[in-house]
Every structure is written in structure tokens, then in C-alpha cells.
1. Under a crude label model (7 Å from the Cα following the beta-carbon direction), how far is A:E83 from B:N78 in nanometres?
2. Just checking the output field for B:105-115: average partner chain Cβ neighbours within 10 Å of each residue's Cβ?
3. For every other residue with a beta carbon closer than 14 angstrom to the beta carbon of A:L125, add +1 if it is Lys or Arg and -1 if Asp or Glu, then tell me the sum.
4. Calculate the mean, over all residues of peptide A:72-78, of how many other protein chain Cβ atoms lie within 10 angstrom of the residue's Cβ.
5. How about region A:53-153: which chymotrypsin sites (Phe, Trp or Tyr not before Pro) there lie in a loop by DSSP and see at most 16 other Cβ atoms within 10 Å?
6. Roughly what would the spin-label model give for A:W116 and B:S9, points 7 Å off Cα along C-beta, in nm?
7. Using label points projected 7 Å from each Cα along Cα→Cβ, tell me how many nm separate A:E45 and A:D108, to one decimal.
8. Let me check I have the definition right: for region B:32-128, take the eigenvalues of the Cα gyration tensor, multiply each by 5, take square roots. What are those semi-axes in whole Å, largest first?
Amino acid sequence: MKKHIVKIGLTLVLIFGTLQCGFAQTKYIDRNGVVQFEASEKLFEEVKATNKSVSAVLDVQTGQIAALSLIKGFHFKNSLMEEHFNENYIESEKYPKAIFKGKLNDLDVTKLNQNWQEVGVDGKLQLHGKEKQIHLNVMLKMVNGLILMKGSFIVAPSDFDIEIPKLVRNKIAKEVTVTLNFEFTKK
Amino acid sequence: MNKKRVFISTILLLLSLIAVYVFFLSGKHRVIADEDATIVLKSEELYAPFKNNHSTLTANYIDQVAQVSGLITSISKNTIELDNIIQVDLNNDLKTNLEKGKIITIKGRCVGYDDLFDVVKIDQAIVLPKE
């Protein structure tokens, strides 16, 4: 009797397992995406941070893309700058993550090849309790079954109600360039 | 006598300035691998409070050096997953003796909860030797 239950259980697990795979076939993921932002001003110390552990999901069927980056995962060269960034500017304890949700326009995965192709992306970036509509163009290519994506866009701290104190205002650029680099593998 | 005093106090002042620079202003990073773990947990014990939104508990976990043990469920480059609920980014490239199905203990910095993949992330981690 016990054996039967185990068998039925296993079969169910197998069936659901395959079903789930069936649904997830069009999803590509990256657990170690790289997002970098830079707001350096000439003559001053560079204001630049990198997060090498950004999560991203791309559904090639629908073109939907989602990326999540934990704020505490951004690393600066200078630890003091990192501390100020977390505590005074972006308030990472209160707002621990940045999320982008959007859609690649007219993505046809069958047309992807080893050459970079440009695709437009529209979406929303949530950060510091605020949300902003973002449009950017990304470059895409398919290499050995991996989908590579790179791109960049510009935001302003004021878009997200992030206030820069007067004392350091001339050391931090008004425009922040965000670059992204993803390497998606099939789920 | 007076000159000597001025000389000594100048030296002392310089030394303290250097000390202030070294300790506060040089911008050196923490070395997680050299710090002692402040929380020692099994993977599930670290994950559960994040999953259940226990913010009073999780606030004490973030940025802490966590020692976590669990079963390796996936390995890629220098990232391993423990029990599918903890994502660990190792400091260095993988040692070859790690493989799926092994139980290991790691020490690293707790970064937070990622609700896209439903994992708690740990970075700057090292694999601790078996006791």
C-alpha cells in the first residue's frame, strides 16, 4: 500500500514537472546579470557602482522582461561612498531593491543570430518608492543557445525623489548612466 | 624645551591625522572572509523570515556575516544555490570538490531577498572547510 502511494506520488511529481517545463520553455533567465551606474563629474572622484548579481527573466514568446537588483548588491570602489549611497541617498533599508518590468518591442527570437541586433524596450523602473517610465534600445544576440543583451539608459536622481545635498552636488552628475549586461540561459 | 614640545606635538598630530585617514576616510572595504559570522543558520532558517516578511528579524540579517549550511542544488561559474532558496556568490572561482548533492557550509554577507527568483542572496562568500 505504502509503495503504491509513493509510486502515485512520484508519477504526479513527474507529470507536473514535465507540464511546468512545457510552460516554462520560452523563459530565459540570468542569475548573475551585471548592472552598473555612473554619475561621475570631471575632476572629482568617480561615482560608479556595479552589481554583478542582478536577477533577470526574459520571456521570448511575449517579449516580457523583468529584472531585479538588490541595492545592497551595488559595490563602489570607495566603501565610504557605498555607505553614503545606501544610508543617505537611496535609503536601501527602506527601499531594498530596484525593479524593472517591461517589454521588448517586436522580439522575434527565431531571427536572433550571432550578430548584434537592436531592439526597443519600454518599461517601468521602480526605485526608492517611485516609478518611472523608461525607454531604451538594447542590443541582442544569440550565441550557443545563450541570449546576450546589453544596453544603457539615463535617469536623474530627481526622477526618484533622491535628494543630493548641496555640499556634494557638484561632485555628482545630474544624469546617471545605467548600463546593463545580461546573459540569458534557457530555463 | 619649548621647541621639543612643539616638535613632539606636531608629530603626534600628524600620526593621529594618519590614523583618522586610515580608519575613516581611506574608503577601504570590509573583508567579509576575515570577519567572524554573526549569524549561524541552516538555509531554511535564513530564508523563512524573508519569505514571511518578518521585517524585524530580516533587518538584523542584512549586511551581516552569515554562516549558512545547506545542500548544493545548482552550481554555475562562481554561484551556487543551497536547497534552491539561498543564492551564494563566491569570492573566488569554484573549487573543484564542490558538486550537486553535497552538504556544505558557507560564510558570506547577507544581501537580501530577491522575490523574482524567490531566493535570499549572499555575496562575497567563501566555502568553509568541514569540521
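1. Modelled inter-label distance: 2.5 nm.
2. Values: counts 0, 0, 0, 0, 2, 1, 8, 8, 3, 10, 4.
Shielding by partners across B:105-115 averages 3.
3. +2
4. On the way: counts 8, 7, 1, 3, 2, 2, 5.
Counting other chains' Cβ atoms within 10 Å and averaging over A:72-78 gives 4.
5. Details: sites: A:F74, A:F76, A:F85, A:Y89, A:F100, A:W116, A:F153; in loops: A:F74, A:W116.
The qualifying sites are A:W116.
6. Computed distance between label sites A:W116 and B:S9 equals 6.3 nm.
7. 5.1
8. On the way: eigenvalues 80, 44, 24 Å².
Rounded to whole Å, the semi-axes are 20, 15, 11.
Laboratory data are not the source of any read-out in this text; all were calculated from the coordinates shown. All values reported here derive from a predicted model rather than from experimental measurement. Counting neighbours? That spans all protein chains shown, and the Cβs are built from the backbone with ideal geometry, glycine included.
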